[in-house]
Amino acid sequence: MTTVRSAVSWPNDKTYLFHADDTYDRYDSVTGVREDSGLPLANWPGLPRSPDAFVWWGAGKAYAFLGSTYVRYDQPTDDSADGVEAEYLPPHFTLADNWPGLPTGDGGGPDWRNGIDAALNWGNGKVYLFKGDSYVRYDITTDRVDPGYPRTIAGNWTGLTPDGVDAAAYPGGRFAYFFRGGQFQRFDVDADRVDASGPLDASFRLAPTPSGGVTPARMLTPAQANQLMADLIRRGKLALKSPAFVDGPAGIVSPRPGQRVVVSPPAFDGLRFTNQISPTATVIDNLDQRMLIALYRLTRWVNNSAPDVAELLHLGIGHGNGPANDCHNEGRALDLSGIVGTLNGTAFSRSVKKDWGDLPRPAGVKVRISPTTDALGFGLFTTVFRFGTHECEATAFGAANKWPMPELGGTGFVIYPDYAPDAAPGTQNAKLRADHQNHFHLQVGVTFS
C-alpha cells in the first residue's frame, strides 16, 4: 500500500484513502473493512490528481485542496452525476482568495495559502486544517479561521504525531483517523486522545461506525437514526426513560426504528434542554429518533468553542397546538428560545425574544442582531441558524434540499425573528415571521406527515 496523500469520509458510509499515484482505496465505514484498492481517480470526475487534502463540508459539498488552489466537489441530491463543479475547473480558485484567516507567514512560519497537508470535518461546525506541526480551526458559520490560530499539534492533540500528518478522516461516531507515512493513528473523540496506532497495511481496519455518521439528520432513515441513537446511549451521551434500551446478540431489541422515545434527563452529553413552559420537566418525550440525533448534534455545534453553553431553552419539541400529524406533535421539531452558559467564567443568558425579536427595526435593516452590538448573541444565534440549514430542513424537504443553503434574512424551513423581512403584510411569510419573534423553529421531515 502506498503512502496516503489525503482521506475523506463520505455520507454514503464510505471512507476513501487517496494515494500519490492517483489511485484510491475504498473502506466501508460501517463494517470498517476495505472493499477495494487501487481504484482509478477517473471515478472522481474533475479531480486533476489526488488531492493534498479532502474534506466533506456538508450540504452536498466537499472541498479538495491542490497546492495553492482548491475545487468544490458536488454530490447531488438527485440522480445527476457527481463531480467537480464546472466553475471550479481550471483555472482553479486559490486559497488566498477564498479561505480567510489562513496564516500568511508574515509573522514567521509557513504561508498556508500555498497549500495544506490534511483536513477533516469534526461534525460540530468546525473543520480542522493541518500544515506541518500546526493546525487551524475553521468555522463553517463564520466561514473563516477562528481567532487564536495556528496552534501546535503538540499539547493540543494528545498522542498525535507532533511533527504533522499527511491525511485525516472522520466517519462520525467515536473515532477519527490520521495518517502519516505508512502509519495510522486512531483518535478517540470521547477521550480526546489517540487510542490506537500501527502500520497502514492490509490488516488495517476502521472501527465500525453506525450508518449515517456524516449524513444530515433530515436525510437519515429510521434504521440509521436508531443505530446512531444506540451508539450515543452506549457512549453515555444520553439515557432513555422509555421504551427501555435493550441490546441483544443480533442488535437492538428496543426501541424499534421509527418508534418515538422519551429522553431523561433532558440532556445530551451534559447539555440540558429546558422547556420554558414547564421548566421542571425531567423528560423530552414523544421524540422522533431522527430529531434526537439533530438535538445531539446541535449541542455539539453550540459548544464547539467558547462560550461554554450549559443549557438550551425551548418552547416545545414533541408537542404542539396543531393537528396530530404536525411536525411538533410527531416529535420532529424544536422551538429554541434561548441559550445559557458562561463566557470566561461569567454567566450569560441570551433570549431569542429579548435579544433579537424585541430589537427595533431601523429602516433598511433586514437582520437586527449584529456582531457590533452583541457579538456573543450574534455568534450563538447565527451558529444555531447555520446548524439548522445543514442538519434540518433548509430549502425544501429531505433530498430536495440543495445548495446554496439559506442566509439570514431569507426564507426556507428554519424560521426566526428576521425571517423574510421584506415579505408584504398579510402574506404567509409575514405571518411566519410574526409568529417566530421569540424562537427558532427547526424541523426534520415535512410539516404535516
| remark: If R0 = 56 Å, then I233 and Q428, at their Cβ-Cβ distance, give a FRET efficiency to the nearest 0.05 of 0.90
| field | Other-chain or far-sequence residues with amide H under 5 Å of S50's (modelled H) | value | D22
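Remind me, relative contact order of the chain in percent, using alpha carbon pairs under 8 angstrom and six or more residues apart?
Numbers: 1018 pairs, mean separation 48.4, N = 449.
So the answer I get is 11 percent.
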| Can you sort C327, C392 so the residue with the fewest Cβ neighbours within 10 Å comes first? | C327, C392
| Residue-by-residue Karplus 3J(HN,Hα) for the stretch 407-416, coefficients 6.51, -1.76, 1.60, Hz, glycine and proline x | 10, 4, x, x, 10, x, 9, 8, 10, 7
| field | Under 22 Å, Cα to Cα: Lys pairs in the chain, sequence gap 8 or more or different chains | value | 12
| task | Subtract the Cα-Cα distance of T282 and R144 from 0.36 nm times their separation in residues, and report this length gain in nm to one decimal. | result | 45.8 nm
| note | Projecting the Cα atoms of V263, N114, T382 onto the charge dipole of the chain, where Lys and Arg contribute +1 and Asp and Glu -1 at Cβ, the residue farthest towards the positive end is V263
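Could you list V246, V30 so that the one with the fewest beta carbons within 10 Å of its beta carbon is first and the one with the most is last?
Working: V246 11, V30 19.
Least crowded to most crowded, the residues run V246, V30.
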| Given charges at Cβ of Lys, Arg, Asp, Glu: the chain dipole, positive-most of T23, P216, A154 | P216
| query | Out of N329, A310, M229, whose Cα points farthest toward the positive end of the dipole of the stretch 217-443 (charges: +1 Lys, Arg; -1 Asp, Glu; placed on Cβ)? | reply | M229
| task | Please give the helix 289-302 orientation as an angle from the longest Cα principal axis of the chain, in degrees from 0 to 90, rounded to the nearest 10. | result | 80 degrees
| request: Give the angle, between 0 and 90 degrees and rounded to the nearest 10, that separates the Cα long axis of helix 222-234 from the longest principal axis of the Cα atoms of the chain. | output: 80 degrees
| note | Output row, site T447, 7 Å Cα→C-beta label point, backbone N cut-off 13 Å, window the stretch 385-413, residues 396-397, 412-413
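Cut-off is 10 Å between beta-carbons; in what order do S203, S264, S50 appear when sorted fewest neighbours first? Don't jump to the answer; show the numbers that get you there.
Working: S203 8, S264 16, S50 21.
In order of increasing Cβ crowding within 10 Å: S203, S264, S50.
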| note | Given backbone amide H placed at 1.01 Å from N, residues whose amide H is under 5 Å from that of F93, ignoring those fewer than 5 places away on the same chain, are Y70
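Only the coordinates and a few stated rules stand behind these numbers; no lab work does. No experiment lies behind these values; they were computed from the predicted model shown. Cβ: placed from backbone, ideal geometry, glycine included. Neighbour counts: every protein chain shown.
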